[in-house]
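The values are calculated or read from the model by the stated rules, or taken from the named source; none is laboratory data. As the structure is a computational prediction, the values presented were derived from the model and not from experiment. Every residue, glycine as well, gets a Cβ built from its backbone with ideal geometry; the counts of neighbours run over all protein chains shown. Only protein heavy atoms, including side chains, enter the accessible area calculation; ligands, DNA and RNA are left aside. Shrake-Rupley method; radii C 1.70, N 1.55, O 1.52, S 1.80 Å.
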Amino acid sequence: MRPIERSLASAAESLTGHQVQQLDVVRGGDFAVAFRVVLDDGTNLFAKTHPDPPPGFFTTESAGLAWLRSAGAVPVPEVLVASDGSADSPALLIMEWVQEGTQGPATEADLGVRLFDRSRRGVVLTIYGEALIRRGKAAFD
């Protein structure tokens, strides 16, 4: 195990109280190194880390996921821990594992409509959120 993987496994063990049995590389991201973490109780988690992230890298992502999750318009995995790192701990994001599903012909359109609908569910938008909604509305109307 590389040092960055050992640090991530140690953080996952401290967070969960369980031993990490396996770390499987997950492909698809552009900046972070991502893994499926398998704990000794069979739980799967998604975790990613970055050796030198820009300020606010994982905490900003965590806040955005919490904002999406609060609306309840689409299922969003719960973030268990997010840290931008320190001298003693790695930068990381650990969250619930989502099993990959299948995509149907209307998956992307349905996602767009459901995300657009989150504003009707009481989510307070930022100016950036309002801009995205305006762009989403134009794409889905």
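Overview of results
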{"quantity": "Å² per residue, accessible surface of region 33-123 at 1.4 Å", "calculated": "57"}
{"quantity": "Evaluated at q = 0.25, 0.27, 0.31 Å⁻¹: base-10 log I(q)/I(0), Debye formula over Cα of region 3-50", "calculated": "-0.88, -1.00, -1.23"}
{"quantity": "Projected-area mean, region 22-123, by convex hull of Cα positions, square nanometres", "calculated": "8.1"}
{"quantity": "For R36, net neighbour charge (Lys/Arg +1, Asp/Glu -1) across residues whose Cβ lies under 13 Å away", "calculated": "-2"}
